[in-house]
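Undergrad: Submitted below is the structure of interest, expressed as structure tokens.
The values are calculated or read from the model by the stated rules, or taken from the named source; none is laboratory data. Treat the numbers as computed from the prediction; the structure is a model and nothing was measured. All Cβ positions, even for glycine, are placed from backbone atoms using ideal geometry, and neighbour counts span all protein chains on display.
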Amino acid sequence: MKLSLIITTLTASYTAAFAPATVERTRTSLDMDRRAAFGQITAAGAAIVTMPAIASADGAVSKATIGRSRGIYGSRIAALQSAVDAGDFAAVANEKNAFILFNSGVYAKDKGRKSAAVSATNEIFAAIRAQDKTSLKSAFSAYRASNNIDEMPDVSNNDGQGFSNDYDYRARTKAGAIYQR
């Protein structure tokens, strides 16, 4: 893309440098010397090369990125069950970002389910602000049920393989086991 833009600009500047000044002119000799023409071409090429690259981020949302969000942030949310049962409002409030990242990562393509998840998250944090343990328990259990949030399974070396490389989100978790002989 950038190379074709450079070639197009160089061709256009070359054509402009050697184009006749007026339409009525019938002379075929050029008024610009070669040094000035190549100076213009070089200046145009340098301007194109120093331009920042056009950002081509596509905001890719795939099954893998959704699964990664569900695995990482869903397991952090599921781990809060004991804190919710004990009524530890601070522990749940400290994991506010897990709720935000879960909602935005899992439901990146589904705006309706995302808004429902965000409103359920708001109910959880309204219960925290009100310091109401029963409301927190009911809102949290409703959130987990509606979003199918479960903890990561315990995988041992005898059960199978949990991940395949260090970049897998299950690495260094209880679901991350590698079978080795």
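Undergrad: Any idea how many residues of segment 132-181 are hydroxyl-bearing (Ser, Thr, Tyr), under 17 Å from Phe89 (Cα atoms) and surrounded by 11 or more Cβ atoms within 10 Å (Cβ to Cβ)?
TA: Adding up the residues that qualify gives 4.
Undergrad: Which residues, counting only those in segment 125-181, are assigned to a loop (DSSP other than H, G, I, E, B), within 21 Å of Ser115 (Cα to Cα) and of a type outside the set (Val, Ile, Thr)?
TA: Those that are assigned to a loop (DSSP other than H, G, I, E, B), within 21 Å of Ser115 (Cα to Cα) and of a type outside the set (Val, Ile, Thr): Asn148, Asp150.
Undergrad: Restricting segment 102-116 to residues that are within 19 Å of the chain's Cα centre (by Cα) and of a type in the set (A, V, I, L, M), which is surrounded by the fewest Cβ atoms within 10 Å (Cβ to Cβ)?
TA: Ala108
Undergrad: Got at least one residue in segment 118-131 being polar (S, T, N, Q), closer than 19 Å to Gln81 by Cα, touching a Phe, Trp or Tyr at 6+ places or on another chain (Cβ under 8 Å) and surrounded by 13 or more Cβ atoms within 10 Å (Cβ to Cβ)?
TA: Within segment 118-131 (the criterion being polar (S, T, N, Q), closer than 19 Å to Gln81 by Cα, touching a Phe, Trp or Tyr at 6+ places or on another chain (Cβ under 8 Å) and surrounded by 13 or more Cβ atoms within 10 Å (Cβ to Cβ)), the answer is yes, since at least one residue qualifies.
Undergrad: Kindly state which helices (runs of 4 or more DSSP H) lie completely within segment 1-120 and contain at least 3 residues that are at pLDDT 80 or above.
TA: Here the list reads 34-50, 63-78, 81-86, 89-94, 96-106.
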